[in-house]
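Every number in this text was worked out from the coordinates using simple rules, so none of it is lab data. Worth saying up front: this structure is predicted, and the values here are computed from it rather than measured. Positions of Cβ are generated from backbone atoms using ideal geometry, with glycine treated the same way; all protein chains shown enter the neighbour counts.
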Amino acid sequence: MTIVAVLPGDGIGAEVIASSVRVLTALRPDVTYETAPVGGAALKLGLPAFPDETRALCDRSAALLFGAVGLPEYDQLPLDQRPERALFALRKDYGLFANLRPVRVFPGLEAASTLRSEVVAGLDLIVVRELTGGIYFGTPKEQRIGSDGVREAVDTMFYRAPEIERIARIAFDLARKRRRRLASVDKQNILQSSVLWRTIASELAADYADVVVEHLLVDNAAMQLVRRPTSFDVILTENMFGDILSDEAAMLTGSIGNLPSASLGTRRTAQGTFGMYEPISGSAPDIAGQGVANPTAAILSGALLLRYSLSDDENARRIERAIDRTFADGHRTRDLAPADGEWLDTGAFTAEVLKRL
């Protein structure tokens with residue numbers, strides 16, 4: 001029996017993941033979709049953010065379909081007591097070091113971008129983000145009182161060569177399957193970790209002579225993403241830079257609600273590569289329960305789940321084509337509609353996608 005662990009989480013997570021499960025069930029009714037609490041939803045039950053029962057479900061699953069975690073009532077607590085603790089635990093405990101974030105401007109949505117339509121038309125890139133190292137996981141990481149009695153804080157950006165090499169190889173291999181262009185992003189003029197990053201990326205480039213490599217400082221990369229976004233194909237970068245740049249890239253498409261992601265590691269199952277699949281939009285508690293959340297990213301995350309963890313590229317493509325046709329036929333969620341235009345709620349938009357499968 002093939003099991004997918006469904007972890008809706010907080011805020012709009014439950015709403016958009018329900019849409020994704022509807023689509024997945026229509027195409028793969030042979031899969032068992034089991035739901036478990038995580039994040040703030042678990043904390044409200046008096047459980048840890050990543051309960052043992054949820055972990056046990058993840059252990060026996062072929063893939064994880066994850067909504068989002070984070071609620072404002074927990075923001076002032078230490079990280080290990082907040083909903084976000086679950087997300088970091090999932091990434092670290094399952095070794096999900098490779099985060100893939102495809103960024104596309106869907107035909108018909110060019111005007112939804114805040115950039116001119118001709119600047120973003122045809123945009124199709126992927127951000128390959130290292131996910132289990134860097135400043136988010138390096139130690140020491142703490143607030144403390146200095147020797148002079150002044151409050152201070154420290155975060156540590158730390159990378160080892162094998163961590164950089166394994167994520168870089170994934171990016172280079174992806175580039176070979178796409179348009180053979182790779183932009184490696186760092187801050188080597190300031191950070192020693194970035195000096196190592198650029199050195200290893202440059203060394204690996206010799207193994208991929210058919211891939212054109214461009215090295216960019218992160219501040220310049222941010223600028224070029226809005227200046228010449230369609231020139232990018234594969235963007236390779238470390239954890240924090242990838243977090244920031246992929247959110248910027250999302251808005252080029254008109255909405256952060258359009259961007260799916262896949263987080264992959266080295267674990268293999270009988271069906272494919274074990275991974276976690278999630279929209280990158282976050283929990284958005286300010287719009288939760290209103291039926292206005294854009295389910296596109298969650299539905300497309302389900303497509304990535306089929307492709308990588310269930311080795312079902314045919315049905316993954318069916319989902320992607322259905323999303324394309326839904327937008328091409330003029331259907332919009334609230335975040336993508338003109339100020340005075342018509343839009344569909346979360347469930348109605350999902351129904352339109354289902355019609356086009």
The chain, relative contact order [Cα under 8 Å, separation at least 6], %
22 percent
I need Asp30, Asp186, Asp10 ordered by Cβ neighbour count within 10 Å, fewest first.
Asp30, Asp186, Asp10
I need the semi-axes of the equivalent ellipsoid of the stretch 1-74: take the C-alpha gyration tensor, multiply each eigenvalue by 5, square-root it, list largest first in whole angstrom.
22, 15, 7
Relative to a virtual label point 7 Å from the Cα of Asp52 in the Cα→beta-carbon direction, which members of the stretch 77-111 show backbone nitrogen distances below 17 Å?
none
Relative contact order of the stretch 228-336, pairs being alpha-carbon contacts under 8 Å that are 6 or more residues apart, as %
24 percent
Rounded to the nearest 5, what is the percent of antiparallel bridges among the DSSP beta bridges in the chain?
45 percent
Over the C-alpha atoms of the chain, what are the Rg and the largest Cα-to-Cα span, Dmax, in Å?
20.1, 66
Kindly state, to the nearest 0.05, the FRET efficiency for Asp286 paired with Gln81, given R0 = 22 Å and r defined as their beta-carbon distance.
0.45
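May I have the convex hull volume per residue, in Å³, for the Cα set of the stretch 124-252?
For the stretch 124-252, the hull spanned by Cα atoms encloses 114 Å³ per residue.
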In a GNM of the chain with a 10 Å cut-off on Cα contacts, which of Glu152, Glu278, Glu130 has the highest mean-square fluctuation?
Glu152
Euclidean distance between Cα centres, the stretch 291-354 to the stretch 230-271, Å:
17 Å
Give the percent of DSSP beta bridges with both residues in the stretch 124-252 that are antiparallel, rounded to the nearest 5.
25 percent
Once you have the Cα-Cα distance between Arg268 and Arg60, take 0.36 nm times their residue separation minus that, and quote the gain in nm to one decimal.
73.7 nm
Relative contact order, percent, of the stretch 124-252 when contacts are C-alpha pairs under 8 Å separated by at least 6 residues?
36 percent
Provide Met251, Met1 in ascending order of the number of other Cβ atoms located within 10 Å of each residue's Cβ, fewest first.
Met1, Met251
Excluding residues fewer than 8 places away in the same chain, name every one of the aspartates and glutamates whose C-alpha is closer than 12 Å to that of Lys187.
Asp219, Glu238
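With a 10 Å Cβ neighbour count serving as the proxy for reagent exposure, in which order, fewest first, do Glu142, Glu110 appear?
Glu142, Glu110
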Rounded, prolate or oblate for the stretch 213-341? Axes are the square roots of the Cα gyration tensor eigenvalues, ordered a ≥ b ≥ c, and the cut-off for rounded is a/c under 1.5.
oblate
In the stretch 157-197, which residues have a backbone nitrogen under 20 Å from the label point lying 7 Å from Val150's Cα in the Cα-to-Cβ direction?
none
For the stretch 285-357, what is the largest minus smallest coordinate of the Cα atoms on each principal axis, given in angstrom and ordered from greatest to least?
41, 29, 16
Label-point separation, Gln224 to Ala337 (7 Å along Cα→Cβ), nm:
3.9 nm
